[in-house]
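The values are calculated or read from the model by the stated rules, or taken from the named source; none is laboratory data. Remember, predicted model here, so these are calculated numbers, not experimental data. For neighbour counting, all protein chains shown are included, and Cβ atoms are generated from backbone atoms with ideal geometry for every residue, glycine included. Accessible surface is based on the protein model in full, side chains and every heavy atom, while ligands, DNA and RNA are left aside. Shrake-Rupley method; radii C 1.70, N 1.55, O 1.52, S 1.80 Å.
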Amino acid sequence: MAKDSRIAEAGLAAIVLAAGLGTRMRSKRAKVLHEIGGTPMVARVVRALETAGAAPIVAVTGYQAREVEAAIRASAARAQVASAIQAEPRGTGDAARAGLGAIAPGYDGDVLIAYGDMPMLTAATLVEFVAAHRTSGAALSFISVVLADGGAYGRVVRDAHGAPLAIVEARDASPAELAVAEINTGIYIAHAGVLRAALAELKPKNAQHEFYLTDIVASARARGLVVQAWPARDAAEFAGVNTREELSSMETLLREQVNRRLMAAGVTFVDPATAYISDHAEIAADVIIGPNVQILGRCRIGAETRIEGTAWLKDVEIGERCHIKLGVRAEDCRIGADSEIGPFANLRAGTDLEGHNRIGNFVETKKAKIGRGTKASHLSYLGDATIGRDTNVGCGVITVNYDGYEKHQTQIGDRCMIGCDTQLVAPIKVGSDVYVASGTTIIREVPDGALVMSHHPQREKSGWTASWRKRHGDSAAATSHASKHSGK
Ligand code: UD1
Ligand code: CA
């Protein structure tokens, strides 16, 4: 308890650096807006900080500031995220200064700093790091990892006693420094006062003529302060994304993590390499996921449901024991238990199937509330419709919902047989236990229990085909056809 209240008293503000363009991405979009697992990188970092208990969080933006702020607001809903503008990208140290300026001048707690381009960062690690810093007695701590090849990362240079002396950027490093395996991940914590003093001393004396945040290490050491490099176990969590190639390998890494977690929880994958599942998905045990399946956004899938393959599902809730056949696309909708969907069905936003439903090939639904046991097996459009239970929607049934200006509602009751090729001209209401003859155009309300039809009387003109073909000079076809059917 005492420890908890000390942490609360100490306070934990955070700064996320997200003002750069990210030249190496070769993109017009700010690097931190590029997505991993469907979420902009910067939003993932903010979420990790938020979950770790940091508040306030200041996002330093510059390039595409408005878009970056919007991306953070969209996916880090609870967080009180303030923003600070870095007018020109003069380096990470300059960005951190801008961030610190947005924290109340009297603020007297710790400040955590992270970069917006490390999307795999987790809250659990941050919590551990903060605790390690606070018990160490160091004035400044940062997270380091050991890599076989340090690449473009900053190298951690230690003194004769093994204490960190400086972080040297790869561009500025001597061959001996480049050979150092311990690198800077880019996550720092220090008391606000320590940080203010260190940032004030930065000078752009380096290959890029920028203010490097990394120089706070040397500056703190110069003032006789203790600096700690906290070695993290899993290097992958701290990988920064600078290029499209790194973006793609990060996506693969996250995907593998998600799939492994799901398999451990009892989900079967026919081929995990072609399953693209959001880390927000909740998938129950004994679900089978076939090849080439995308499960995006916030999907929930009930136990024993089978997804055959080639499906695109976003923000969909699927009940237990459903069979999602080949080629289903579904978005923002609910599929009740024991339903059979597809092959080749398109369930658009607002589709709500109560359960035991069958939606077959080339059926499109939109804002359609469909009762238990109701089926639409072939070639239909059901939009802005409410359909009761145990109704059979025949092949080629269409809700005519749009008059060019507005969308209108169709209502159909329970236990109806809607014949093939029926058009329901909305707004329209069909009662329960109604039989609709095939080819009917329904334009008036149909009461319960009725049979409705709008057939044109059938007429025949015998021998018409032969004379038609003859008129088009197709005499051979005309005679052969005529002789075959004349009975001669
Ligand atoms: C940085 C570190 C390096 C570390 C690596 C870890 C510095 C000088 N170097 O290098 O030691 O190993 O991260 O991934 O800090 N940004 C701004 N304003 C700027 C410049 C950058 O807001 O003026 C933001 C960027 O949007 C980005 C983050 O800071 O999100 C990091 O910048 P980046 O250019 O990617 O730094 P690295 O060269 O990767
Ligand atoms: Ca980077």
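Looking only at residues that are within 21 Å of R221 (Cα to Cα) and touching a residue at least 40 places away in the same chain (Cβ under 8 Å) in segment 118-136, which one is nearest to ligand 1 (Cβ to nearest atom)?
F129
Any residue in segment 32-43 that is open to solvent by 60 Å² or more (accessible area, probe 1.4 Å) and either closer than 27 Å to A198 by Cβ or under 17 Å from the mean Cα position of the chain (by Cα) (or both)?
Yes, some residue in segment 32-43 is open to solvent by 60 Å² or more (accessible area, probe 1.4 Å) and either closer than 27 Å to A198 by Cβ or under 17 Å from the mean Cα position of the chain (by Cα) (or both).
Just for segment 223-259: of the residues that are acidic (D, E) and in a helix (DSSP H, G or I), which one is nearest to ligand 1 (Cβ to nearest atom)?
Checked segment 223-259; the qualifying residue nearest to ligand 1 (Cβ to nearest atom) is E246.
Restricting segment 223-258 to residues that are within 16 Å of ligand 2 (Cβ to nearest atom) and without any contact (Cβ under 8 Å) to a residue 40 or more places away in the chain, which is most open to solvent (accessible area, probe 1.4 Å)?
Here the residue is E245.
Q294 - would you say it is under 30 Å from E317 (Cβ atoms) and part of a strand (DSSP E or B)?
For Q294, the condition - under 30 Å from E317 (Cβ atoms) and part of a strand (DSSP E or B) - is met.
Conditions tested, residue by residue: (1) in contact with a helix residue (DSSP H, G or I) (Cβ under 7 Å, 6 or more places away or on another chain); (2) acidic (D, E); (3) open to solvent by 40 Å² or more (accessible area, probe 1.4 Å); (4) under 23 Å from V168 (Cβ atoms).
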site: A71; (1), (2), (3), (4): yes, no, no, no
site: A84; (1), (2), (3), (4): yes, no, no, no
site: P89; (1), (2), (3), (4): no, no, yes, yes
site: G99; (1), (2), (3), (4): no, no, no, no
site: T125; (1), (2), (3), (4): yes, no, no, no
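Results for (1) farther than 11 Å from C322 by Cβ; (2) open to solvent by 20 Å² or more (accessible area, probe 1.4 Å); (3) out of contact with any Lys or Arg (no Cβ under 8 Å at 6 or more places or on another chain), shown as yes or no for each residue.
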| residue | (1), (2), (3) |
| --- | --- |
| A337 | no, yes, no |
| R348 | yes, yes, no |
| E354 | yes, yes, no |
| T374 | yes, no, no |
| S380 | yes, no, yes |
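Pairs needed: first member in segment 430-443, over 16 Å from T386 (Cα atoms); second member anywhere, in a strand (DSSP E or B) and open to solvent by 60 Å² or more (accessible area, probe 1.4 Å); C-beta distance under 6 Å; at least 6 residues apart or different chains.
Pairs found: Y435/M417; Y435/L451.
Of the conditions (1) open to solvent by 10 Å² or more (accessible area, probe 1.4 Å); (2) in contact (Cβ under 8 Å) with a residue 12 or more places away in the chain, R261 satisfies every one except a single condition; which number is it?
Evaluating R261 over (1) open to solvent by 10 Å² or more (accessible area, probe 1.4 Å); (2) in contact (Cβ under 8 Å) with a residue 12 or more places away in the chain leaves (2) as the failure.
Anything in segment 41-75 that is within 14 Å of ligand 1 (Cβ to nearest atom), over 19 Å from I189 (Cα atoms) and either touching a Phe, Trp or Tyr at 6+ places or on another chain (Cβ under 7 Å) or aliphatic (A, V, I, L, M) (or both)? List them, or say none.
Scanning segment 41-75 gives M41, A43, A65, V68, A71, I72.
Of everything in segment 106-117 that's in a strand (DSSP E or B) and away from ligand 1 (no atom under 15 Å from the Cβ), which residue is nearest to G20 (Cα to Cα)?
V111
Does A139 satisfy the criteria of being more than 10 Å from ligand 1 (Cβ to nearest atom), in contact (Cβ under 8 Å) with a residue 24 or more places away in the chain, in contact with a His (Cβ under 9 Å, 6 or more places away or on another chain) and over 16 Å from I183 (Cα atoms)?
Judged against the criteria, A139 is a match.
Check segment 12-19 and report whether any residue there is within 14 Å of ligand 1 (Cβ to nearest atom), in a loop (DSSP other than H, G, I, E, B), open to solvent by 40 Å² or more (accessible area, probe 1.4 Å) and closer than 26 Å to Q208 by Cβ.
The answer is no; no qualifying residue exists.
Only one of these is farther than 22 Å from L21 by Cα, open to solvent by 20 Å² or more (accessible area, probe 1.4 Å) and among the hydrophobic types (A, V, I, L, M, F, W, C): A220, A192, A207, A285. Name it.
Details: A220 fails: open to solvent by 20 Å² or more (accessible area, probe 1.4 Å); A192 fails: open to solvent by 20 Å² or more (accessible area, probe 1.4 Å); A207 fails: farther than 22 Å from L21 by Cα.
Residue meeting the stated conditions: A285.
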